[in-house]
Amino acid sequence: MTYHEHQSHAATLIDAQGAPWAAIDADAVARMQAQNRFRTGLDIARYTAGIMRRDMAAYDADPANYTQSLGAWHGFIAQQTMIAVKKHIGSTKRRYLYLSGWMVAALRSDFGPLPDQSMHEKTAVPALIEEIYTFLKQADARELGGLFKTLDAARDAGDMLREREALAAIDAHETHVVPIIADIDAGFGNAEATYLLAKQMIEAGACALQIENQVSDEKQCGHQDGKVTVPHEDFLAKIRACRYAFLELGVDDGIIVARTDSLGAGLTKQIAYSREPGDLGDLYNGFLDCEDVDGAGNPGDVLINRDGRIVRPRRLPSNLYQFRPGTGEDRCVLDCVTALQNGADLIWIETEKPHIEQIAGMVDRVRARVPDAKLVYNNSPSFNWTLNFRQQVYDAWIEEGRDMAAYDRAGLMAQSYDSTDLAVEADSRIRDFQRDSAARAGIFHHLITLPTYHTAALSTDNLARDYFGEAGMLGYVEGVQREEIRQGIACVRHQNMAGSDIGDEHKGYFAGEAALKAGGGANTMNQFAA
């Protein structure tokens, strides 16, 4: 509905109630309704799922239409990210948010900082989704509040042209509410536990759930050692649990991102059940590192039939079984194909470095069986991007026969290389990585899992260094406030950002001239009005 339609509908209701509702203003009702476009998390999930589906179709038509997101660990961080996107880019189109289980564990658990091992309270994940959307909706309310003031000024001046322009801007307002790809880890338990948590996440507003094929109680960060995968049928049960959760809640086009950690996972906790040669269980077991045995083997041995031979899978003292070295890529490809053929919408391959041809080699194999396969890729802070890309350029130039005597491949991180041709070329490749890999490697969505964890640490370190050092108060004024003012950072008026002006508007609606407002002449935020 347009602003005018909301206002007309409210006026009709008010008129029907007569004198008891005489103090209710139809314009105020229309404004509050515009500022609360999304009533529930399910409204958000349905709306944002539609955005992602349209973006996926646009990417299929042209890989230049790839999407991006940044990870946020607090509603305020998510809000400021989207405010910045609208300010600098002009639109939130194809820009999402990522909710990282790593950051929930490290920053949002009642236990305090935890490693990424699914030890945090799983309810913290839907709670953060709800928090993020609360802040994004508040950003809408704040921005629309400014448009309403413009409308009022035009009406007070009797300027009908400006009034029409203001109404058009209100009706065309682009919401800060964008899709969240939310990390459900390995499901936090069995498939029923996954389903129950998925429902909470969707009800909070998540339109996309990312789930990985690790064992829940052995879960590790994708960039750490010791990862343990599960047989395909176990993982597919959790994918189906997520789909049932979407369908039960009426989010018919919800998105499931199936992540495989097989490239870096050399262990499994289970031997897969196999009904016949060549089925998924048999294929999974075929990657096990096995040795021949004579007779019945030793007491406690687990033996399997492989191609008519009795073999013993190598079992570690941890009671885990290991895969044959060098099978990670083949297992990744099988994981991706299997997930896509059984209900997943997007795939995620966790790699050990950002190398386009490595990723493309796997995606090409997947697309040979699932032609429209699309990848979500973690542009991870766990990679040393500078060193990786400088080494990639170094290796490429060695192949070209260039003289590389001036470079030490192992020491390319050194600042002394920053102005060299090699460093310039490496930075160029980093800059173009997302665009090039979207076209070459089937990457629909690029995300950085933990960026705001690192930006918070860096900016706080700089402030503490200066403020507690020789600069004193100048460390804050010069390094923070002056830059906020000059760069037009809305948060310099922190009372406004926290909702003080919205509250003043509501007080006016509720109490009229009797309202006690905070935004008068004595409010020091007026010092930043310019």
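The values are calculated or read from the model by the stated rules, or taken from the named source; none is laboratory data. From a predicted model like this one, the values you see are computed outputs, not experimental measurements. Here the Cβ positions follow ideal geometry from the backbone for every residue, glycine too, while neighbour counts run over all protein chains shown.
Annotations for the structure displayed:
- Matching helices (runs of 4 or more DSSP H) fully within the stretch 1-85 where at least 3 residues are in contact with a Lys or Arg (Cβ under 7 Å, 6 or more places away or on another chain): 41-61
- Candidate set: the stretch 87-120, residues that are within 28 Å of Ala172 (Cβ to Cβ) and charged (D, E, K, R); chosen: the one surrounded by the most Cβ atoms within 10 Å (Cβ to Cβ): Arg94
- First in the stretch 199-211 and charged (D, E, K, R), second anywhere and outside any helix (DSSP H, G or I), Cβ under 8 Å, 6 or more apart: Lys199/Leu249; Glu203/Thr40; Glu203/Leu249
- In this structure, Gln434 does satisfy being part of a helix (DSSP H, G or I) and within 30 Å of Arg259 (Cβ to Cβ).
- Ala456, sole failed condition from (1) loosely packed, with under 13 Cβ neighbours inside 10 Å; (2) farther than 19 Å from Gln35 by Cβ: (1)
- Flag if Ala84 is surrounded by fewer than 21 Cβ atoms within 10 Å (Cβ to Cβ), within 30 Å of Val215 (Cβ to Cβ), assigned by TED's automatic domain parsing to the domain that holds Ile180 and at pLDDT 95 or above: no
- Per the conditions (1) in contact (Cβ under 8 Å) with a residue 40 or more places away in the chain; (2) under 22 Å from Asp43 (Cβ atoms), the sole criterion not satisfied by Asp217 is (2).
- Cβ-Cβ under 6 Å pairs, at least 6 apart or on other chains, the stretch 291-314 side part of a loop (DSSP other than H, G, I, E, B), far side surrounded by 14 or more Cβ atoms within 10 Å (Cβ to Cβ) and among the charged types (D, E, K, R): Val293/Arg312; Gly297/Arg312; Asp301/Arg312; Leu303/Arg312; Arg314/Asp289
- The single condition among (1) of a type outside the set (A, V, I, L, M); (2) modelled with pLDDT of 95 or more; (3) closer than 30 Å to Ser318 by Cβ that Glu174 does not satisfy is (3).
- When we screen Gly266, Gly281 for residues that are closer than 19 Å to Val337 by Cβ, among the small types (Gly, Ala, Ser) and out of contact with any Cys (no Cβ under 9 Å at 6 or more places or on another chain), the only hit is Gly281.
- Test: residue in the stretch 265-275 that is assigned to a loop (DSSP other than H, G, I, E, B), within 17 Å of Cys332 (Cα to Cα), in contact (Cβ under 8 Å) with a residue 60 or more places away in the chain and not basic (Lys, Arg): yes
- Verdict on Glu248 being over 22 Å from the mean Cα position of the chain (by Cα), more than 18 Å from Cys332 (Cβ to Cβ), surrounded by fewer than 23 Cβ atoms within 10 Å (Cβ to Cβ) and not small (Gly, Ala, Ser): yes
- The residues of the stretch 94-126 that are of a type in the set (A, V, I, L, M) and free of Cβ contacts under 8 Å to residues at least 40 places away in the same chain, listed by number, are Ala105, Leu114, Met119, Ala124.
- Candidates are the residues of the stretch 437-451 that are in a helix (DSSP H, G or I) and not aliphatic (A, V, I, L, M); the one that is surrounded by the most Cβ atoms within 10 Å (Cβ to Cβ) is Ser437.
- Across the stretch 413-472, the number of residues qualifying as of a type in the set (A, V, I, L, M) and closer than 19 Å to Thr386 by Cα comes to 11.
- Scope the stretch 430-486; condition in contact with a helix residue (DSSP H, G or I) (Cβ under 7 Å, 6 or more places away or on another chain), assigned by TED's automatic domain parsing to the domain that holds Ala182 and of a type in the set (Val, Ile, Thr); matching residues: Ile430, Ile443, Thr449, Thr452
- Within the stretch 179-200, being closer than 28 Å to Leu267 by Cβ and of a type in the set (A, V, I, L, M, F, W, C) holds for Ile181, Ala182, Ile184, Ala186, Phe188, Ala191, Ala193, Leu196, Leu197, Ala198.
- Taken over the stretch 134-168, the residue count meeting the criterion of being more than 22 Å from Gly519 (Cβ to Cβ) and of a type outside the set (D, E, K, R) is 7.
- Any hit, the stretch 189-209, residues being touching an Asp or Glu at 6+ places or on another chain (Cβ under 7 Å), closer than 22 Å to Asn36 by Cα and surrounded by fewer than 21 Cβ atoms within 10 Å (Cβ to Cβ): no
- Filter result (among the small types (Gly, Ala, Ser), crowded, with 16+ Cβ neighbours inside 10 Å, under 21 Å from Ile180 (Cα atoms) and in contact (Cβ under 8 Å) with a residue 40 or more places away in the chain) within the stretch 1-60: Gly41, Ala45, Ala49
- Residue in the stretch 127-150 that is farther than 20 Å from Gln33 by Cβ, out of contact with any Pro (no Cβ under 6 Å at 6 or more places or on another chain) and charged (D, E, K, R) present: yes
- Screening the stretch 411-433 for residues that are surrounded by fewer than 18 Cβ atoms within 10 Å (Cβ to Cβ) and within 22 Å of the chain's Cα centre (by Cα) and picking the one that is farthest from Arg365 (Cα to Cα) gives Arg431.
- Of all residues making up the stretch 464-492, the number that are within 28 Å of the chain's Cα centre (by Cα) and surrounded by 13 or more Cβ atoms within 10 Å (Cβ to Cβ): 6
- Tabulated pairs, the stretch 506-530, first within 12 Å of Arg493 (Cα to Cα), second of a type outside the set (A, V, I, L, M) and in a helix (DSSP H, G or I), C-beta under 6 angstrom, 6+ apart or interchain: Gly519/Asp501; Gly519/Asp504; Met525/Gln495
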